[in-house]
Amino acid sequence: MDHPVAANVPHPPAGRARPRARSFASGRAIVALILREMSTRYGKSPGGYIWAIVEPLGALLLMSFVFAALLRSPSLGNSFLLFYTTGYLPYLLYSLTLTTVMNALNFSKPLLQYPAVNWLDAILARFALNALTSIAVSCIVLFGVLEFTDATAVLEFRYMILSMALAGLLGLAHGTFNCALVGLFPVYGSVWNIATRPLLIASGIFFLYEDLSPMIQSILDWTPWIHFTALFRQGVFPTYAPDFISIPLVLIWGLVPLFFGLLLLRRYRQDILMR
């Protein structure tokens, strides 16, 4: 007599393999979006990735030339070029990450019509490519300055890595939040670009926090940008030990807008893509 043994054997739920399959598909979509971004941004212009190095280097050389003609010596070290490089590189990572993530949905809107690609893939792809490119460019520019000029430095990589990580987090967070607002209110992008022009100055690229008046210091204490530029400089100049840096403050400036940006995009992504 046959017994229905097979009917009593528990089978694994069919949905258990879905998260793994979805993560694999999402990974492939992110890689495909990164390759598309690389070919679009760098593949069609003469020189390609060389411009990613030439542009920040040209800006640094111009700043160094202008301020060397106006001032006798930089606030730290003996090289204007190294001083401005240490402030500009983390800010460049923040600024470029913010801009590319902010326009992620508009850039990838045709591909987001396919089920295999979602809005989070588009944001992560642009963030990953821009972060890796900016970090590579920063390494090339910084070590080029140290190698081909008379600038001297004692590198503390823990401070430099932490600074770049915080700058990348802020760029991702503010870019994600702005991506939602630009999608819902297109004019917001123009308002943001105008309102944030002073950030290049407020981030402390051209000066040290300690050289400012107490009133201005009390204002900048609550802004995140001068914290990660000072942290990067602490990793390059051994005599510089800023005591105002607050990592929890920078994390709050990053995690809060990131949370609300993701929340808005999840809620209104279809409305944004249909515009």
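The values are calculated or read from the model by the stated rules, or taken from the named source; none is laboratory data. These figures come from a predicted structure and were not determined experimentally. Cβ: placed from backbone, ideal geometry, glycine included. Neighbour counts: every protein chain shown. Note: areas computed on protein heavy atoms with side chains; ligands, DNA, RNA excluded. Shrake-Rupley method; radii C 1.70, N 1.55, O 1.52, S 1.80 Å.
Using θ = phi - 60° in the Karplus curve 6.51 cos²θ - 1.76 cosθ + 1.60, the 3J(HN,Hα) couplings for region 196-212 round to 9, 4, x, 4, 4, 8, 5, 6, x, 5, 9, 8, 9, 4, 5, 7, 8 Hz; x is entered for Gly and Pro. Highest average first, the peptides 150-162, 118-130 ordered by how many other beta carbon atoms sit within 10 Å of their residues are 118-130, 150-162. Accessible surface calculations at 1.4 Å, restricted to protein heavy atoms, place the chain at 56 Å² per residue. Per-residue SASA remark: ASP221, around 50 Å² accessible (1.4 Å probe; ligands, DNA and RNA not included).
Between helix 119-148 and the chain there is an angle of about 30 degrees, using the helix long axis and the longest principal axis of the Cα atoms.
The packing ranking of peptides 167-174, 196-203, highest mean first, is 167-174, 196-203, where packing means the average number of other beta carbon atoms within 10 angstrom of each residue. Each residue of region 163-212 gets 76 Å³ once the volume of the Cα convex hull is shared out per residue. Taking a sphere under 12 Å around the Cβ of ARG233 and counting the other residues whose Cβ falls inside, with K and R at +1 and D and E at -1, yields a net charge of -2. Quick check: at a probe of 1.4 Å, how many percent of the accessible area of the chain sits on carbon and sulfur atoms? Accessible surface attributable to carbon and sulfur in the chain totals 69 percent. Against the main long axis of the alpha-carbon atoms of the chain, helix 247-273 sits at an angle near 50°. With both labels modelled 7 Å from their Cα along Cα-to-Cβ, the PHE65 to PHE157 distance reads 3.4 nm.
Within the set (i) 1.23; (ii) 1.06; (iii) 1.11, the number that Cα Rg over 2.2 N^0.38 Å takes when calculated for this structure is listed as (i). Simple rule: put +1 on each Lys or Arg Cβ and -1 on each Asp or Glu Cβ in the chain, find the dipole, and look at ALA195, SER39, PHE80; the Cα lying farthest toward the positive end is SER39. Against the chain, whose longest principal axis comes from its Cα atoms, helix 50-70 is set at around 30 degrees.
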